[in-house]
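Participant: Okay, here's the structure, questions in a sec.
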Amino acid sequence: MFHTQDCPELSFHFYFPHRIVDSASRNSTEEAHVQTTAYDALYIPANDTAWFPYGPNGCEAQLINADPTTGQWIAKLRGPAGASLGIHRHYGSVIGFTLYGAWRYLEHDWVSRKGDVVQETPGSVHTLVITEDAEMLFIIEGALEFLDNEGHTLALEDWRSATDKYRDFCASHGVKPIDVTRPRVVSHQRIAAE
Ligand SMILES: [Fe+2]
């Protein structure tokens, strides 16, 4: 079996790789710009963006955050009893949290109620139905693929298309949009979209 102590130079590289880089190509002035402190907590207002109709079956969405660097988007969904989202497939994982009311997936027996958490897995396919007036928070990684009953792709939804829907709604209703892709502020004020 190979041990790093058999090769002093390699062992040094394993435990102190930054020193090799520093000595080879960096001077002390460049190193001063390396981020070595933690960022402050990021405050993301969750009530300052307009709700807009989402899909053809009575749901509304509120886009809270859309991160172009990770593809994660955070949104609330709400609707009256009987509202639904079409069948869709997830490309990434999703955490859902029920704020009030009740909803379920047609493909499962459980019903999610206030305080419940639902973990949706990459590749899972399901049809969301609201069974009592409900509002939910979803933290979504990557895209959703909406499907027809034969499994054909109807549309893809990701951080960018969701942001476009929000901005289109604002433009058509005379609402000044918030730039949900830049929520990292230290005050309560977010940046208005240009
Ligand atoms: Fe889903």
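The values are calculated or read from the model by the stated rules, or taken from the named source; none is laboratory data. Everything numeric in this text was worked out from a predicted model, so none of it was measured. Cβ atoms come from the backbone with ideal geometry, glycine included; neighbour counts cover every protein chain shown.
Participant: Would you confirm, using the coordinates I've provided, whether residue 39 is modelled with pLDDT of 95 or more and either within 29 Å of residue 182 (Cα to Cα) or touching a helix residue (DSSP H, G or I) at 6+ places or on another chain (Cβ under 9 Å) (or both)? It would help to see each step written out before you state the result.
Facilitator: Working: modelled with pLDDT of 95 or more: no; either within 29 Å of residue 182 (Cα to Cα) or touching a helix residue (DSSP H, G or I) at 6+ places or on another chain (Cβ under 9 Å) (or both): yes.
Here the answer is no, as residue 39 does not meet what is asked.
Participant: Something else about it: Of the residues 77, 63, 99, only one is away from the ligand (no atom under 13 Å from the Cβ), closer than 22 Å to residue 142 by Cβ, assigned to a strand (DSSP E or B) and at pLDDT 95 or above; which? Talk me through it step by step, then tell me what you get.
Facilitator: Working: 77 fails: away from the ligand (no atom under 13 Å from the Cβ); 99 fails: closer than 22 Å to residue 142 by Cβ.
Answer to the selection: 63.
Participant: For the range 129-141, indicate whether the set of residues that are farther than 22 Å from residue 56 by Cα, touching a Gly at 6+ places or on another chain (Cβ under 6 Å), assigned to a loop (DSSP other than H, G, I, E, B) and modelled with pLDDT of 95 or more is non-empty.
Facilitator: No, the conditions are met nowhere in the range 129-141.
Participant: Which count do you get for residues in the range 50-60 that are in contact with a Lys or Arg (Cβ under 9 Å, 6 or more places away or on another chain) and within 14 Å of the ligand (Cβ to nearest atom)?
Facilitator: Count: 2.
Participant: Do the conditions hold for residue 162, that is, is it more than 16 Å from the ligand (Cβ to nearest atom) and either outside any strand (DSSP E or B) or touching a residue at least 24 places away in the same chain (Cβ under 8 Å) (or both)? Write out each step before concluding.
Facilitator: Details: more than 16 Å from the ligand (Cβ to nearest atom): no; either outside any strand (DSSP E or B) or touching a residue at least 24 places away in the same chain (Cβ under 8 Å) (or both): yes.
Spelling it out, it is not the case that residue 162 is more than 16 Å from the ligand (Cβ to nearest atom) and either outside any strand (DSSP E or B) or touching a residue at least 24 places away in the same chain (Cβ under 8 Å) (or both).
Participant: In the range 34-60, what residues are touching a His at 6+ places or on another chain (Cβ under 8 Å) and of a type outside the set (A, V, I, L, M)?
Facilitator: Scanning the range 34-60 gives 43, 45.
Participant: Which of the residues spanning the range 102-128 are in a strand (DSSP E or B) and either away from the ligand (no atom under 11 Å from the Cβ) or surrounded by fewer than 18 Cβ atoms within 10 Å (Cβ to Cβ) (or both)? Outline the logic, then answer.
Facilitator: Initially, the range 102-128 is screened for residues in a strand (DSSP E or B), giving 102-105, 112-113, 117-120, 125-126, 128.
Once the filter is applied, which keeps residues that are in a strand (DSSP E or B) and either away from the ligand (no atom under 11 Å from the Cβ) or surrounded by fewer than 18 Cβ atoms within 10 Å (Cβ to Cβ) (or both), the range 102-128 yields 102, 104, 112, 113, 117, 119, 125, 126.
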